[in-house]
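Participant: One structure is given below, represented as structure tokens, and several questions about it will come after.
The values are calculated or read from the model by the stated rules, or taken from the named source; none is laboratory data. Given the structure is predicted, the values throughout are model-derived calculations rather than measurements. Positions of Cβ are backbone-derived with ideal geometry, glycine not excepted, and every protein chain shown enters the neighbour counts. Surface areas here come from the heavy atoms of the whole protein model, side chains and all, with no ligands, DNA or RNA. Shrake-Rupley method; radii C 1.70, N 1.55, O 1.52, S 1.80 Å.
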Amino acid sequence: MSRTLVQPVGQKRLTNVAVVRLKKHGTRFEIACYKNKVLSWRSGVEKDLDEVLQSHTVYSNVSKGILSKSKELLQAFGTDDQTQICLEILDKGELQVAGKERESQLSNQFRDIATIVMQKTFNTETQRPYTIGMIERLMRDIHFAVDPHSNSKKQRVMSRTLVQPVGQKRLTNVAVVRLKKHGTRFEIACYKNKVLSWRSGVEKDLDEVLQSHTVYSNVSKGILSKSKELLQAFGTDDQTQICLEILDKGELQVAGKERESQLSNQFRDIATIVMQKTFNTETQRPYTIGMIERLMRDIHFAVDPHSNSKKQALEVIHELQKHFPIKRSPMRLRIGVPEKDFASLLEKLNVWNASITSKDESGSHPSVICEVDPGLYRDCSEFVSSLQGRFEVLAYSVHVEEDTHVDHYDDYDDAPSGPSHLPKESADSVSQLGENLQKQTTISGGNGNAKVEGKQNKCSTCNASFRDANGFRDHFKSDWHKHNVKRKTRQLPPLTEEECVADIEVEDLKSDLKDYSF
């Protein structure tokens, strides 16, 4: 017992020790322990009590050497056995650490956490692990605070959990959801981009959405809501239950840059929908996405973040039609009615200015394939239902469905070939284009009498016509069509199938020669 201390009252000798403090029945009790032994005892490494306690004595203040009174011990612990009381304080009490020691402990734990993160992660851009210094800098950038009561591995996983002291502005780089109820404002702190995932049902884990299960009256200032206000507004003080209600019913607060990014993305979505549903009435070609965006800016269109993109796109189309040559792309329908009502169907389609692509008058239920303005869809459906006919949508937007590439917008009509249907050529290729037109005119003139009757499918890129629909579809997959598409983008006239084969062979030879050095 050479280490047992005899502590005169009033002398400050027990200063270089580890103090464990326990508050019970409003009275403070302390014991003096050796440094670094308390944690060993609690983890089960140290078994000898004498190696942990500097003395089997209970103090009310170790640093001043003031012993606890027997009356206080009996009242708080029900016994005055100092060793038994020391054991209880050692197990349940709070270890008191000096400022420099606490700073050293936090620094070591910070380093341990950074080491674990370094061992378990890598840089997705370089595919290499981060250095320990880089990990520490990144942790400081996100204002990570070490929790001395939690182990290092857990803090690696839950590194984003915030301990928010009241009055300190730390919850600033978060998504705030706000709900006003009974005249009081309630806020919760969430991770960015997680609130919408939760509301759409993509995210199921609440801990991945909430930064802390705490209700604030002001997140940015860290001011917590009072229990009285929570009970009055929600009828409960269960923080998690209240957080769920705020998360479902509250309004997401978005910063300026995030709001600007959201509006920009929605503007682009609306322009894309407009592009897919419209075409230029002068050129009979769809607009590009860039052109649609410029037209929308010209009419000073403003995105409404609370309305869906499709509804706003239809409004934009209606507004653009007042100022620019733009029109909704027609829908392609197949309509079949009883034979006695077929004449009335054709008459109705004529009233609607529908373009009839083909007719099939055989059988008891003749049918017709036509292209109708989308605004007449409901009227057409009701009319066919009244005739007890069949109604089928083949394509919601004919131009977009047929011409999936901007490089080739091939006509699907029987209009005769001519200069007005050819792409605009550059000044350098005008003479070459004229010669090609003469050839095409000669060829088409020779076959003109043969195709007076029947439907012709025409590819304006290659200036070729096909009677068979299957052959027409296969043509778009051929090297001939693909090669002419490339020439069209370079403002060059189309080639015949034989010329195309020869041109491809020449290009192959040139590419092979590049592999050799002379």
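Participant: Return the subset of Lys192/Lys310; Lys180/Lys226; Lys23/Lys64; Lys221/Lys257; Lys24/Lys228 for which the Cα-Cα distance in this structure is over 19 Å, preserving the input order.
Facilitator: Values: Lys192/Lys310 26 Å; Lys180/Lys226 14 Å; Lys23/Lys64 17 Å; Lys221/Lys257 21 Å; Lys24/Lys228 28 Å.
Distance filter (> 19 Å) returns Lys192/Lys310; Lys221/Lys257; Lys24/Lys228.
Participant: Moving to a separate point now. Residues in the stretch 191-209, backbone N under 20 Å from the label point at Thr124 (7 Å along the Cα-to-beta-carbon vector): list them, ranges by number please.
Facilitator: From the stretch 191-209, the list is 191-198, 202-205, 208-209.
Participant: Let me cross-check Ser227: its accessible surface, 1.4 Å probe, with only protein heavy atoms counted, in Å² to the nearest 10?
Facilitator: 70
Participant: Here's another thing I want to ask about it. For Ala395 and Glu347, FRET efficiency with R0 = 25 Å and r from the beta-carbon atoms, rounded to 0.05?
Facilitator: The pair Glu347/Ala395 has a calculated efficiency of 0.55.
Participant: For Cα pairs less than 8 Å apart in space and 6+ apart in sequence, what is the mean separation divided by the residue count of the stretch 185-244, i.e. the relative contact order in percent?
Facilitator: Reported relative contact order: 33 percent.
Participant: Counting only protein heavy atoms and using a 1.4 Å probe, what share of the accessible area of the stretch 231-341 belongs to carbon plus sulfur, as a whole percent? Kindly include the intermediate steps, with their values, before the conclusion.
Facilitator: Working: 3020 of 6360 Å².
Here it works out to 47 percent.
Participant: Just the number: Rg to Rh for the stretch 163-302, Cα atoms, Kirkwood Rh, two decimals. Present the calculation step by step, with values, prior to reporting the outcome.
Facilitator: Numbers: Rg = 20.9 Å, Rh = 17.7 Å.
Radius of gyration relative to Kirkwood radius: 1.18.
Participant: Something else now. I want to check the label-to-label distance for Gln388 and Gln284. Put each point 7 Å from Cα in the C-beta direction and report it in nm to one decimal.
Facilitator: Going by the 7 Å Cα→Cβ label model, 4.0 nm.
Participant: Per 0.36 nm of contour for each residue apart, how much would the distance between Leu49 and Arg297 grow if the chain were fully extended, relative to their Cα-Cα spacing?
Facilitator: 81.3 nm
Participant: Here's something else I'd like to know. For the stretch 30-108, which trypsin sites (Lys or Arg not before Pro) are both in a DSSP coil and crowded by at most 15 other Cβ atoms within 10 Å?
Facilitator: Details: sites: Lys35, Lys37, Arg42, Lys47, Lys64, Lys69, Lys71, Lys92, Lys100, Arg102; in loops: Lys35, Lys37, Lys47, Lys64, Lys69.
Within the stretch 30-108, the qualifying trypsin sites (Lys or Arg not before Pro) (loop, at most 15 other Cβ atoms within 10 Å) are Lys35, Lys47, Lys64, Lys69.
Participant: What GluC sites (Glu not before Pro) does the stretch 210-287 have in DSSP loop regions with at most 13 other beta carbons within 10 Å?
Facilitator: Glu282
Participant: Starting from the Cα gyration tensor of the stretch 306-360, multiply each eigenvalue by 5, take the square root, and state the resulting semi-axes largest first in whole Å.
Facilitator: Details: eigenvalues 214, 38, 18 Å².
Computed over the stretch 306-360, the values are 33, 14, 10 Å.
Participant: For Thr115 and Leu314, FRET efficiency with R0 = 56 Å and r from the beta-carbon atoms, rounded to 0.05?
Facilitator: Efficiency, from the Cβ-Cβ distance: 0.45.
Participant: While we're looking at this one, here's another question. At a 1.4 Å probe radius, which order do Tyr287, Tyr377, Tyr34, Tyr130 fall into by accessible area, largest first?
Facilitator: Tyr377, Tyr130, Tyr34, Tyr287
Participant: Grab the Cα-Cα distance for Asp503 and Arg185, subtract it from 0.36 nm times how many residues apart they are, and report the gain in nm with one decimal.
Facilitator: Between Asp503 and Arg185, full extension yields an extra 107.2 nm.
Participant: Full-extension gain between Asp80 and Glu94, please, as 0.36 nm times their residue separation minus the C-alpha to C-alpha distance.
Facilitator: 2.9 nm
Participant: While we're here: When each pair of different Cα atoms in the stretch 261-400 is counted once in the 1/r mean, what is the Kirkwood radius in angstroms, to one decimal? Could you put the intermediate results ahead of the total?
Facilitator: On the way: mean 1/r = 0.0603 Å⁻¹.
Every distinct Cα pair counted, the radius reaches 16.6 Å.
Participant: Okay, moving on. Please sort by residue number the trypsin sites (Lys or Arg not before Pro) in the stretch 308-395 whose DSSP state is loop and whose Cβ has at most 16 other Cβ atoms within 10 Å.
Facilitator: In loop regions of the stretch 308-395 (DSSP not H, G, I, E or B), the sparsely surrounded trypsin sites (Lys or Arg not before Pro) are Lys322.
Participant: Modelling each spin label as a point 7 Å along the Cα-to-Cβ direction, I'd like the Ser104/Leu231 distance in nm, to one decimal.
Facilitator: In this crude spin-label approximation the distance works out to 4.7 nm.
Participant: Let me ask something else about it. Running Debye on the stretch 22-67 with equal point scatterers at the Cα sites and no solvent, what base-10 log of I(q)/I(0) appears at q = 0.14, 0.18, 0.24, 0.25 Å⁻¹?
Facilitator: For the stretch 22-67, the Cα-only Debye profile gives -0.38, -0.59, -0.87, -0.90.
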